[in-house]
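Engineer: Sending over a structure as structure tokens; questions will come in a sec.
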Amino acid sequence: MRKPKDWGQPCPNPECTHYRRMQQGNVSAIATYLTQSGKRRIFRCHTCETPFAETRETVFFDLRTAEDKVMMALKMLLVRVDLAGISFAPEFRLMIAAIVGPRTLDTAQEVVAATKARVAGIPAFFSDGFTCYLAALIAAFHVVTTFARTGKRGRPRKPRCAPHPDLIYGQLVKQKKHGKLLTLSTRVVLGAERLTSLGHTISTALVERVNLTLRQALAPLTRKTASFCKDRERLRQRVVFFQAFYNRHYPK
């Protein structure tokens with residue numbers, strides 16, 4: 001005799017004798033239907049003749065939103081992202097590079113170099129008014145022009161290093177006084193024409209949202225706290241671990 005398939009679905013009817021009982025052979029699949037997240041099954045309990053969907057009593061029942069977006073929102077709640085941040089979050093994003101170190105030119109060059117190694121082409125860069133970012137970007141994305149010898153006396157012209165023509169860099173500059181924001185201005189440092197043609201606007205809201213998520217998830221990065229790391233390597237390991245978790249649990 002053929003054994004009935006175990007669907008792992010207990011009967012949801014409280015009045016049924018097989019209510020919430022698993023592997024009783026009383027549940028069978030009778031139909032399917034399509035949703036934005038794929039195919040779903042409808043089951044029936046042969047004891048009480050109650051039909052039910054496989055997503056009943058879950059957040060995915062009668063869902064009008066794609067399941068991957070709901071999963072993204074739930075995972076963001078797990079890392080303590082507020083509801084306002086969830087509603088603003090884009091659908092596709094990655095934490096490409098995370099470097100632990102002082103806010104210096106060397107650290108900026110390390111961040112940009114790590115970003116360059118992990119992306120295709122030249123992305124648009126937006127930051128605050130930190131001056132070292134411009135030098136770090138030109139060091140990573142540039143073109144070198146060499147000059148032929150003229151045959152005349154004197155030293156030959158040295159090669160000239162210039163920013164890559166596809167490089168876009170904009171700054172969002174904030175001026176504060178006694179902790180209060182006075183002015184907020186944008187500045188296109190490189191690639192103004194290409195920025196306009198692509199239709200982009202200068203904004204640092206996304207990276208600021210990621211920074212806040214980092215500070216909420218990692219105690220050593222919380223402001224005014226006693227949970228600091230005494231060793232930079234330990235802090236780097238914690239940041240890298242969170243980066244892997246962040247990229248793994250958010251849609252690409």
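The values are calculated or read from the model by the stated rules, or taken from the named source; none is laboratory data. From a predicted model like this one, the values you see are computed outputs, not experimental measurements. A quick note on method: Cβ atoms are made from the backbone with ideal geometry, for glycine too, and the neighbour counts reach across all protein chains shown. Quick note on the areas: whole protein, heavy atoms, side chains included, nothing else; ligands and nucleic acids left out. Shrake-Rupley method; radii C 1.70, N 1.55, O 1.52, S 1.80 Å.
Engineer: Which residues, taken from segment 231-245, are of a type outside the set (A, V, I, L, M) and farther than 17 Å from residue 93 by Cα?
Structural biologist: The answer is 231, 232, 233, 234, 236, 237, 238, 241.
Engineer: Which condition from (1) closer than 30 Å to residue 94 by Cα; (2) more than 26 Å from the chain's Cα centre (by Cα); (3) surrounded by 16 or more Cβ atoms within 10 Å (Cβ to Cβ) is the one that residue 26 breaks?
Structural biologist: (1)
Engineer: Any idea which of (1) at pLDDT below 85; (2) part of a helix (DSSP H, G or I) is the one residue 238 doesn't satisfy?
Structural biologist: With respect to (1) at pLDDT below 85; (2) part of a helix (DSSP H, G or I), residue 238 is out only on (1).
Engineer: Answer yes or no as to whether residue 199 is over 25 Å from residue 125 (Cα atoms) and either aliphatic (A, V, I, L, M) or loosely packed, with under 14 Cβ neighbours inside 10 Å (or both).
Structural biologist: Answer is no for this residue.
Engineer: May I ask you to list pairs of residues, at least six apart or on different chains, whose Cβ atoms are under 7 Å apart, with the first in segment 10-25 being within 15 Å of residue 54 (Cα to Cα) and touching a residue at least 24 places away in the same chain (Cβ under 8 Å) and the second being assigned to a loop (DSSP other than H, G, I, E, B) and of a type outside the set (D, E, K, R)?
Structural biologist: Listed pairs, sorted by first residue: 11/18; 11/26; 11/47; 11/48; 13/48.
Engineer: Could you figure out which of (1) modelled with pLDDT under 90; (2) surrounded by 10 or more Cβ atoms within 10 Å (Cβ to Cβ) isn't true of residue 150?
Structural biologist: (2)
Engineer: I would also like to ask the following. Output the residues belonging to segment 153-171 that are surrounded by 10 or more Cβ atoms within 10 Å (Cβ to Cβ) and outside any strand (DSSP E or B).
Structural biologist: Of everything in segment 153-171, those that are surrounded by 10 or more Cβ atoms within 10 Å (Cβ to Cβ) and outside any strand (DSSP E or B) turn out to be 156, 157, 164, 165, 166, 167.
Engineer: Another question, then. Please name all residue pairs, on different chains or six or more residues apart, with Cβ atoms under 8 Å, provided the first residue is in segment 104-132 and is on the phi > 0 side of the Ramachandran plot and the second residue is open to solvent by 40 Å² or more (accessible area, probe 1.4 Å).
Structural biologist: Going by the 8 Å Cβ cut-off, the qualifying pairs are 121/166.
Engineer: Kindly indicate the residue of segment 221-235 that is without any contact (Cβ under 8 Å) to a residue 24 or more places away in the chain and assigned to a helix (DSSP H, G or I) and also most open to solvent (accessible area, probe 1.4 Å) among those meeting that condition.
Structural biologist: Selected residue: 234.
Engineer: Being at pLDDT below 85 and open to solvent by 50 Å² or more (accessible area, probe 1.4 Å) narrows it down to one of 174, 180, 252, so name that one.
Structural biologist: Answer to the check: 252.
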